[in-house]
Amino acid sequence: MFRFDLHASMGRARAGTFHTPRGAVETPVFMPVGTLATVKALDPDELHGMHVQMILANAYHLHLRPGDELVQRLGGLHRFMAWRGPILTDSGGFQVFSLQSLRTVDEDGVTFRSHLDGSARHFTPESVLRIETNLGADVIMQFDHVIPGQSEFAAAKDASERSIRWLERCRAEFAKLHESTSAPRQTLFPIVQGGIHPALRRDAARAITGMDGWDGFAIGGLSVGEEKPDMYAILDACDEAIPADRPRYLMGVGYPEDLLEGIARGVDLFDCVAPTRMGRNAAALTPDGRVNMRRAEFRDDDRPLVEDCACACCRRFSRAYVRHLVQADEMLGARLLSLHNVHFLIALVREARRRIIAGDFTAWSQAWLARYHSQPTRS
C-alpha cells in the first residue's frame with residue numbers, strides 16, 4: 001500500500017510519487033506542521049486549496065493533550081481534525097530531548113516531566129509506537145535519541161547507536177500492534193542519526209538498511225544548532241548511503257533556502273513550523289528574503305506581499321492592510337501571514353518539481369537562491 005515511483009531526476013534532485021493508502025503525494029513535497037492536530041490558524045479546506053498534500057502532527061503533544069486514546073476513540077487523527085490526506089506523526093523524540101533538565105535517558109527510554117503540568121512521564125520505543133498507532137497517522141516515526149547539532153563524536157555515536165537499538169524495539173512493537181489490531185494501515189520510518197559526523201551517518205544508514213523492508217527513510221538531528229554548511233555536508237553523505245528507491249524525509253527543515261539545497265541533495269519530504277511561526281511574528285516570505293511587516297515603509301504600500309502570488313492574502317489584500325492588522329494586533333494579520341507563508345513554500349517546492357521534470361532545476365534554483373540571498377533580511 002506504500003510505494004515510491006521515481007519519474008525524473010536532475011543531478012541528485014528527484015521528482016517522484018509517494019503512494020499511501022490515503023492518496024498519492026507528489027515529491028518533492030513540503031508538509032506543514034499541525035503539532036496539535038491543527039496547522040496553526042489555518043483551516044484544512046484552506047490547506048487543500050493551496051495544494052497541501054500531507055501534513056505532520058506530533059505524538060508527544062497529542063499524548064499530553066487531548067490524549068492519544070481519546071483521539072483513537074473519536075475515530076483517529078484524520079477524522080478528529082477533518083483532514084482527508086495523508087498524515088505523518090513525529091514520535092516526540094525532539095520534543096522530549098528538548099526538555100533538557102526535565103528528563104533523564106537510559107537504555108529503556110526517557111523519563112521526563114510534562115511541560116504542561118510537571119507530571120512525570122516515561123517514554124519507551126514501545127509506548128511511543130502504541131501512542132502513534134492510537135493516533136492512526138499513515139507514516140509514523142521511530143522513537144530516537146536526539147542531541148544538539150554540534151555534539152562531539154562520542155556523544156553523537158552513543159545517541160546514534162541507541163537510536164538503532166530503539167529502532168529494533170520499535171519495529172518489533174510495530175509488528176506486534178499490527179498483527180493484533182484492526183488499526184488502519186501504517187508504515188514505520190527509521191531515522192538516520194549521527195550528528196555532523198559523516199562516518200556515523202553512513203554507519204547508521206548501513207545498519208538501518210540492513211534490517212530491510214522500510215517504505216522510506218528519515219534524516220534526523222539536523223537544524224538543531226549546527227551550521228548550514230555542516231547540514232548540507234551531512235545531506236551529501238546521506239544521499240550516498242540511503243537507498244535511492246525510497247523517499248527520503250529531512251525532519252524539521254523548511255526555510256526556503258534549505259528546501260532547495262535539500263532537494264538538490266536528493267531529499268523528497270520536508271516539514272517545518274517556520275511558516276506559521278513567522279506568520280505569528282509578523283514575518284512574510286518573499287523571493288527577496290524575509291520581510292518584517294511591522295516596518296513603517298509598508299504603511300501606505302498598496303502592493304500585495306508578493307507580486308503574482310496566488311495565495312488568498314496576496315490576491316485580496318495590500319501590504320498596508322496586513323501591516324495595519326499586525327500593528328493593531330488583529331488575529332487576521334497572523335492568519336493571513338501564516339496562510340501566505342505556507343502557500344509560498346508549497347508553491348516553491350511544486351515549482352522545483354516542475355523544473356526537475358523540465359530538466360532545468362539546477363539553473364533555476366541557483367538563480368532563485370541568488371535573488372533570495374541578495375537582500376538582507378528586513379527586520
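The values are calculated or read from the model by the stated rules, or taken from the named source; none is laboratory data. What you see is a predicted model; the values in this text were computed from it and never measured. We place every Cβ from the backbone using ideal geometry, glycine too, and count neighbours over all the protein chains shown.
Details
- Members of the stretch 173-218 found to be in a helix (DSSP H, G or I) and in contact (Cβ under 8 Å) with a residue 40 or more places away in the chain, listed by number: Glu173, Phe174, Leu177, His178, Leu200, Arg201, Asp203, Ala204, Ala207, Ile208, Met211
- Residue ID - farthest from Ile356 (Cα to Cα), chosen from residues in the stretch 279-290 that are of a type in the set (A, V, I, L, M, F, W, C) and buried (at least 23 other Cβ atoms within 10 Å of the Cβ): Ala284
- Flag if Thr89 is part of a loop (DSSP other than H, G, I, E, B), within 24 Å of Arg130 (Cβ to Cβ), touching a residue at least 24 places away in the same chain (Cβ under 8 Å) and touching a helix residue (DSSP H, G or I) at 6+ places or on another chain (Cβ under 6 Å): no
- In summary, no helices (runs of 4 or more DSSP H) completely within the stretch 233-326 bear 3 or more residues that are outside the structural domain of Lys40 (by TED's automatic domain parsing) and β-branched (Val, Ile, Thr).
- Residue check, Ala37 farther than 17 Å from Tyr249 by Cα, touching a helix residue (DSSP H, G or I) at 6+ places or on another chain (Cβ under 6 Å) and either surrounded by 15 or more Cβ atoms within 10 Å (Cβ to Cβ) or among the basic types (Lys, Arg) (or both): yes
- The listed residue being crowded, with 18+ Cβ neighbours inside 10 Å, more than 23 Å from Gly279 (Cα to Cα) and not assigned by TED's automatic domain parsing to the domain that holds Cys311, out of Gly23, Gly75, Gly92, Gly67: Gly92
- The stretch 103-151, residues that are touching a residue at least 60 places away in the same chain (Cβ under 8 Å), in a loop (DSSP other than H, G, I, E, B) and hydrophobic (A, V, I, L, M, F, W, C): Ala137, Val146, Ile147
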